[in-house]
Amino acid sequence: MTEQKHYINAETTVKSWLLTVDHKRIAILYLLSVVGFFILGGTAAILFRLDLMTPQGDLLAHETYNKMFTMHGVMMVFFFLVPVVPAVLGNFLVPIMIGARDVAFPRLNLASWYIFITGGLFALAALVLGGVDTGWTFYTPYSSTYANSNVILTGLGVFVAGFASILTGVNFIVTIHKMRAPGMTWFRLPLFIWAQYATSIIMVLGTPVIAITLLLLVLERAFHIGIFDPALGGDPVLFQHLFWFYSHPAVYIMILPGFGIISELIACFSRKNVFGYSFVAFSSLAIAIIGFFVWGHHMFITSQSIYAGLIFSILSFIIAVPTAVKIFNWTATLYKGSVEFRTPMIYALGFIGLFLVGGLTGLFLSSMGLDVHLHDTYFVVAHFHYVMVGGMVMAFLGGLHFWWPKMFGRTYNQGCAVFTAIVIFIGFNLTFFPQFIVGYLGMPRRYHVYPEEFQIFHILSTGGASVLGFGYLLMFCYLPYSLIKGKKATANPWPATGLEWEQTTSPPPTLNFIHDPVVTEEAYAYAKKNEEFYRQAIPAESKDV
Amino acid sequence: MSNSHSPHLHHHFHSLEQQRQASSLGMWVFIAQEIMFFGGLFCGYVVYRNMYPEAFAVASHQLSIGWGGFNTVVLIFSSLTVALAVRSAQLGKKNQIIGWLVATILLGVIFLGVKCIEYSAKWEHHLVPGIHFNYEPHYTDDALHESTGSEHGTDHHPAPAVYPGHVQIFFAFYFAMTGMHALHMIIGIGLMIWIIWLATKDRFAPEYYAPVELFGLYWHFVDVIWIFLFPLLYLIGRHVT
């Protein structure tokens, strides 16, 4: 049998990859880039976690420590978490899931990758030239007056990378509006698409604000124009307002696509349609919209008026409602489902547990009184890592394992993958749960030296981080290995519903489908799928993943 | 689809209509992000104008209303010429597209030239924030000075009406906003040269002229930004004198 032509082997030159306009290849380019940034950010984390084992911080100098946690934050937030799901899985799946041949603007899509890489190079240049120590938030007047001038390079890097994010958002919005296959109505869209759509809205409306904010910061830093300098009549808190106007919605850029993945996984591995489809769909939009009006909860202890704080606090509670809708609906989907504990499902269930902790501790922090005590402590650190790592990274890994056979046409070792998923879950909890306690006891974030009575928590945390790092390392072994030695995947190994599984091969051809699909049924028609499955009785095919 | 084999149809679209709608929606979404981009600057402007209204009024007097007004007229005319270019594209008249776009480029260059004159005047008057700024409070208008003094009671030594630092913030916004606007115009002129090149290659037809139309949207947007910038920067506080 001759090798089937698909997007990977259609052309094989390096040039054909670097000049590709195929959304699937661009997704792979993004995957490699964000994994690179993840390794950098992770290495920084390992270094400062080891350093924090002792109260005096014996491993790193104070300045190096500051630069390490800044690098960790900048790399992980702007160059990993923001693009990871939209630009990798979203890029790969959005056109296929809606039955299109490509995104609406393929060349813009490629441009976005080059812009992203340019931004990344700026940030890396800052690192090589000596590093930044402001923290990923670049708060003024520290960043504008006191810190070293590598702030300019890093700020420009994030500014440039922001436009990659905007272009991806524009592309997805137009693609989802205008490129759907015949019969693919809005309410037949997979929930992953709804989540990407909501995310794109935030990317398009939020990112330009951080761009202009960082540009003002760069001007302030380079020319001392006074906008954020209190000595010249400027207001440093204005920077925080503008910064969080993007950066809080950006938290939802970093979690909404994860929600979309979880909906797909839970439905597939409970063999049921998602409970309350339209509620889950609209809760994504609700989160995107309300998410724009909660930024002040980062600033309860600044000069912000107490009444503004009150409103921000209430809105922050309100945004928990659509989030809770999702969690409840996933749980209801599991109820009486035929649950299978395949690798992606283990990540999905891990996600629900960890995100629940992350989300609920968010409510602690949006209570103004409690926030005065918890602000800028390890409690906050633990909270957002439960959301970002326990939520988004777990969801991404679940999605990656789910669509891996589709993306590369190969299956990975199921035993290794399940073991790794469990290692990551344990390592994560061991790293971050002690931080809730030590934060509540009063350990401030970003401190290099701390009182000895907190040491036990830091040792637990560092131990956990090592387990977590080991888990990621395992993944870096068996996933690449599967590309070489893995068994060939069938078109629909799980088997799941959706155009990407039912209407095309693994991996898909360059224009995604051999025949342009027509959609005739609702999303998640698992009842029908199960019936077919048992009638045909082909368990041999489903077991190879 | 009757037009499914049109040379203007890209491989991933099913019809020219779908392609037209997609590119148009894309441009509108892009303009939405542009509004948020400038919105950050407008927001900062509003905050500081609220904090230092007198300084902003006084600083605004340093701008040349004549040049600003002239540029406003130039830009409005360029909106007309770009609209005529789009109209020519709809009618499939290649030479007219090129003619109107060249006219638009000329108007754009005139605008930027005037901007250069204004910027160099600011440099001469030491009004460039940070690198070349030295505002003398005696520039302050006397009438304004007295009115501000009287508001604060009968103090014999009223605080100066405006602090140079606050004037500097006005000029920081002046340069950031007009500079960002000018950058958009420079990009626009580059795009027009590209579209003229496409037109000379006969790339447009009455059923396909998306680049001209979308560029028209962009250019109008840049004009609208100026329509907001002109009063906010040049006209505020004119009633004071």
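FYI, it's all coordinate maths here, none of it is from the lab. Keep in mind it's a predicted model, so treat the numbers as computed, not measured. Heads up, the Cβs are rebuilt from the backbone with ideal geometry, glycines too, and the neighbour counts pull from every protein chain shown.
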Exercise. What's the extension gain from A:Gln414 to A:Thr64 if we count 0.36 nm per residue and subtract their Cα-Cα distance?
Worked result: 122.0 nm
Exercise. Taking 0.36 nm per intervening residue step and subtracting the Cα-Cα distance, what contour gain separates A:His177 from A:Glu452 on full extension?
Worked result: 93.3 nm
For this session: Report the net charge of residues surrounding A:Ala332, where surrounding means a beta-carbon distance below 14 angstrom and charges are Lys +1, Arg +1, Asp -1, Glu -1.
Result: +3
Problem set entry | Using a Förster distance of 35 Å, the FRET efficiency for B:Glu124-B:Leu217 (Cβ separation, nearest 0.05) | 0.40
Problem set entry | the range B:182-221: translational diffusion in µm²/s, Stokes-Einstein, Kirkwood Rh over Cα pairs, 20 °C, 1.002 mPa s | 203 µm²/s
Exercise. Among A:Leu217, A:Thr377, A:Phe341, which residue has its Cα positioned farthest towards the positive end of the charge dipole of the range A:18-542, with +1 placed on the Cβ of Lys and Arg, -1 on the Cβ of Asp and Glu, and the dipole taken about the Cα centre?
Worked result: A:Phe341
Problem set entry | Summed residue charge, Cβ within 12 Å of A:Leu93's Cβ, Lys/Arg positive, Asp/Glu negative | 0
Seminar exercise, completed: With label points set 7 Å from each Cα along the Cα-to-Cβ direction at B:Leu91 and A:Lys15, the distance between them in nm comes to 4.4 nm
Exercise. Which lysines does B:Lys93 reach when only Cα atoms under 16 Å apart count, and residues fewer than 8 places away in its own chain are ignored?
Worked result: B:Lys201
Problem set entry | Neighbour-count order for B:Ser24, B:Ser88, A:Ser338, fewest beta carbons within 10 angstrom listed first | A:Ser338, B:Ser24, B:Ser88
Problem set entry | Principal-axis tilt of helix A:455-485 within chain A, Cα atoms, nearest 10 degrees | 30 degrees
Exercise. Considering every Cα-Cα pair within the range A:49-186, what fraction, in whole percent, is farther apart than 23 Å?
Worked result: 47 percent
Exercise. If each Cα of the range A:360-456 is one equal point scatterer, what is log10 of I(q)/I(0) from the Debye formula at q = 0.12 Å⁻¹?
Worked result: -0.52
For this session: Taking the convex hull of the Cα atoms, report for the range A:18-542 its projected area averaged over all directions, in nm².
Result: 23.2 nm²
Seminar exercise, completed: If one compares the long axis through the Cα atoms of helix A:106-128 with the longest principal axis of the Cα atoms of chain A, the angle in degrees, nearest 10, works out at 40 degrees
Exercise. Taking the alpha-carbon set of the range A:175-218, what are its Rg and Dmax in Å?
Worked result: 15.3, 49
Problem set entry | Semi-axes of the equivalent ellipsoid for the range A:1-112, Cα gyration tensor, largest first, Å | 39, 15, 12
For this session: Kindly identify the range B:1-126 as rounded, prolate or oblate by the Cα gyration tensor criterion: order the square roots of the eigenvalues as a ≥ b ≥ c, call it rounded if a/c is under 1.5, otherwise compare a/b with b/c, prolate if a/b is larger, else oblate.
Result: oblate
Exercise. Rounded to the nearest 500 deg cm²/dmol, what is the calculated helix-only ellipticity per residue at 222 nm for chain A, with -39500 (n - 2.57) per DSSP H run of length n ≥ 4?
Worked result: -21500 deg cm²/dmol
Problem set entry | Distance violations [Cα-Cα > 30 Å] among A:Lys24/A:Lys485; A:Lys178/A:Lys529; A:Lys336/A:Lys488; A:Lys336/A:Lys487; A:Lys67/A:Lys326 | A:Lys336/A:Lys488; A:Lys336/A:Lys487; A:Lys67/A:Lys326
Problem set entry | Long-range amide H partners of A:Thr377 with built H, under 5 Å | A:Arg445
For this session: Take chain B, compute every pairwise Cα distance, and split them into 5 Å bins from 0; I just need the percent in each bin.
Result: 1, 6, 12, 14, 14, 12, 10, 8, 7, 5, 4, 3, 2, 1, 1, 0, 0
Problem set entry | Inter-label distance for B:His239 and A:Tyr307, nm, one decimal - labels placed 7 Å from Cα along Cα-to-Cβ | 2.5 nm
